[in-house]
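Everything below concerns the one structure shown next.
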Amino acid sequence: MTVDNPPDAPARESRAPPRRLIAHLDMDAFYASVELLRYPDLRGQPVVIGGGRDQQPERQPDGTRRYARLRHYTGRGVITTATYEARALGAHSGMGVMKAAQLAPDAILLPVDFDEYRKHSRLFKAAVRAIAPLVEDRGIDEIYIDLTDLPGAQADAGRAVAQSLKDAVREATGGLSCSIGVTPNKLLSKICSELDKPDGLTLLAAADLPTRIWPLPAKKINGIGPKASEKLAGFGIHTIGELAAADPAFLLTQFGKSYGAWLHEAAHGRDERPVVTYSEPKSISRETTFDRDLHAVRDRAALSAIFTELCVELAGDLARKGYASKTIGIKLRFDDFKIVTRDLTLPAHTMDARTIRRAAGECLKRVDLTRRLRLLGVRASALAKLADLVGPSRAYPSASETAGTLEAREPAPARELPLFDDPPQDNSVT
């Protein structure tokens, strides 16, 4: 009598690893959609987000609202986003508002409200994590999600789970829609989340690459920017399929060993990057673009107030996120669009607004300020967690001990250094 599987013998069963299912979730026209929750009477209309406080809707005596129109805008603002109706008229993110006004003069213009957008961003991400906890945060309106090991995901390539995520996002945000691409990796999922917008759900397997991905323009691959796309076009490579058919040696010669090899792999849909659930920020910054060019001498008071406010806001961001910075920097864009940056490394980490302002002022002294300014920004880098900087010697230090530790690490402010109060050597105004 032969016994194939004795009771005391371990079961020998080989199972193939589950297929990788990575989703990319992208909110649809996020900022504009949040505004439509607040102003539902604008649904179906071309709406552009990118105005300032002057474009705040006004409540009329009869209860209706009066909205600003693009045709009346003056300034140098840039569109943050636009509804699909406005995009159909040619207005899109990154475009100057004045240029958009020429294309869609009757479009509604609303001011940017980042506090409201961040609120809805937290809502949709919390709803996703309640279903699928392996989430990589990629910004205020997009995330990657690893669906591989979620119950039931393998049965239908993640379709049911992805639909439940879309439903959860809509419910948690009060009606916002998102588009999701589910594929074997992050690169393909990023592409697929754009294919059926808005409110799309796109699934793609490796076998679908020739029919679904290769006909698309090469620039659809995240990582092929305008310059690379233009260079590829110069070689007659316009689509992802044409890039996939290109000789790998040719790509290495023309684009360098690293980028050329990546182009070949990306065109064939290969991407082994994991979903990273957490990463430390490298820097935190605040900046603002002016409605008109400002000069260091003529507009000294206005610039000083703006710069101080940016430093205070940056200090608040650091405190809220639990970080301190050792390197403070500034960013300036002049009226000729030239960008200048300067940095200063401090002897110790700080999250104090006065110290940040003083350091930023020192950076400012190393810049020629004879030209007018379009943009002003402050940045904190070389970050460290407050918990790592203040290491208590026992479990429960007293408040005075903690304060003393912080004080010892915080450079004592010497004197206020009013920014822009000292005119540059050349006082001429261009």
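The values are calculated or read from the model by the stated rules, or taken from the named source; none is laboratory data. The structure presented is a predicted model; accordingly, all values stated were derived computationally and were not measured. Glycine also receives a Cβ, built like all others from the backbone with ideal geometry; neighbour counts cover every protein chain displayed. Protein only, heavy atoms only, side chains kept; ligands, DNA and RNA dropped before computing areas. Shrake-Rupley method; radii C 1.70, N 1.55, O 1.52, S 1.80 Å.
In region 304-337, the residue that is nearest to ASP388 (Cα to Cα) out of those that are in a helix (DSSP H, G or I) and of a type in the set (Gly, Ala, Ser) is ALA319. Between ARG65, ARG71, the distinction of being over 20 Å from ARG292 (Cα atoms), touching a residue at least 12 places away in the same chain (Cβ under 8 Å), surrounded by 11 or more Cβ atoms within 10 Å (Cβ to Cβ) and among the basic types (Lys, Arg) belongs to ARG65 only.
Against the list (1) surrounded by fewer than 18 Cβ atoms within 10 Å (Cβ to Cβ); (2) under 24 Å from ARG138 (Cβ atoms); (3) out of contact with any strand residue (DSSP E or B) (no Cβ under 9 Å at 6 or more places or on another chain), the condition SER283 fails is (3).
Residue by residue through region 67-82, note down the ones that are among the charged types (D, E, K, R) and part of a helix (DSSP H, G or I). Selection gives ARG71 alone.
Residues that are under 16 Å from ALA382 (Cβ atoms), outside any helix (DSSP H, G or I) and open to solvent by less than 50 Å² (accessible area, probe 1.4 Å) are absent from region 293-303 altogether. When the residues of region 74-84 are filtered to those that are more than 20 Å from PHE337 (Cβ to Cβ) and open to solvent by less than 60 Å² (accessible area, probe 1.4 Å), which remaining residue is modelled with the lowest pLDDT? Looking at residues that are more than 20 Å from PHE337 (Cβ to Cβ) and open to solvent by less than 60 Å² (accessible area, probe 1.4 Å), I get THR81.
Looking only at region 338-361, residues that are open to solvent by 60 Å² or more (accessible area, probe 1.4 Å), in contact with an Asp or Glu (Cβ under 9 Å, 6 or more places away or on another chain) and assigned to a strand (DSSP E or B) come to 1 in all. Among the residues of region 209-229, the ones that are part of a helix (DSSP H, G or I) and surrounded by 15 or more Cβ atoms within 10 Å (Cβ to Cβ) come to 8 in all.
Scanning for something surrounded by 15 or more Cβ atoms within 10 Å (Cβ to Cβ) and touching a strand residue (DSSP E or B) at 6+ places or on another chain (Cβ under 9 Å), does region 251-263 turn up at least one residue? No. Which residue is nearest to THR345 (Cα to Cα), if the candidates are limited to region 362-377 and must be part of a loop (DSSP other than H, G, I, E, B) and among the aliphatic types (A, V, I, L, M)? The qualifying residue nearest to THR345 (Cα to Cα) is VAL367.
For every residue, the table says whether it meets (1) open to solvent by less than 40 Å² (accessible area, probe 1.4 Å); (2) out of contact with any Ser or Thr (no Cβ under 7 Å at 6 or more places or on another chain); (3) in a helix (DSSP H, G or I).
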site: ALA86; (1), (2), (3): yes, yes, yes
site: GLY90; (1), (2), (3): yes, yes, no
site: MET98; (1), (2), (3): no, yes, yes
site: GLN102; (1), (2), (3): no, yes, yes
site: ASP106; (1), (2), (3): no, yes, no
site: ARG118; (1), (2), (3): no, yes, yes
site: SER121; (1), (2), (3): yes, yes, yes
site: VAL128; (1), (2), (3): yes, yes, yes
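I need the full set of residues from region 136-163 which are in a helix (DSSP H, G or I) and either free of Cβ contacts under 8 Å to residues at least 12 places away in the same chain or in contact with a Gly (Cβ under 7 Å, 6 or more places away or on another chain) (or both), in order please. Scanning region 136-163 gives ALA155, ALA160, VAL161.
When PRO111 is tested against (1) farther than 25 Å from GLU272 by Cβ; (2) in contact (Cβ under 8 Å) with a residue 60 or more places away in the chain; (3) open to solvent by 30 Å² or more (accessible area, probe 1.4 Å), only condition (3) is not met. Within region 269-292, the set of residues being in a loop (DSSP other than H, G, I, E, B) and among the β-branched types (Val, Ile, Thr) comprises VAL275, VAL276, THR277.
For region 164-199, give me the residue count where each residue is within 16 Å of MET27 (Cβ to Cβ) and either surrounded by 23 or more Cβ atoms within 10 Å (Cβ to Cβ) or in contact (Cβ under 8 Å) with a residue 24 or more places away in the chain (or both). Here the count works out to 23.
Candidates LEU318, LEU364, LEU314: the one that is farther than 24 Å from GLY139 by Cα, of a type in the set (A, V, I, L, M), in contact (Cβ under 8 Å) with a residue 12 or more places away in the chain and surrounded by 16 or more Cβ atoms within 10 Å (Cβ to Cβ) is LEU364.
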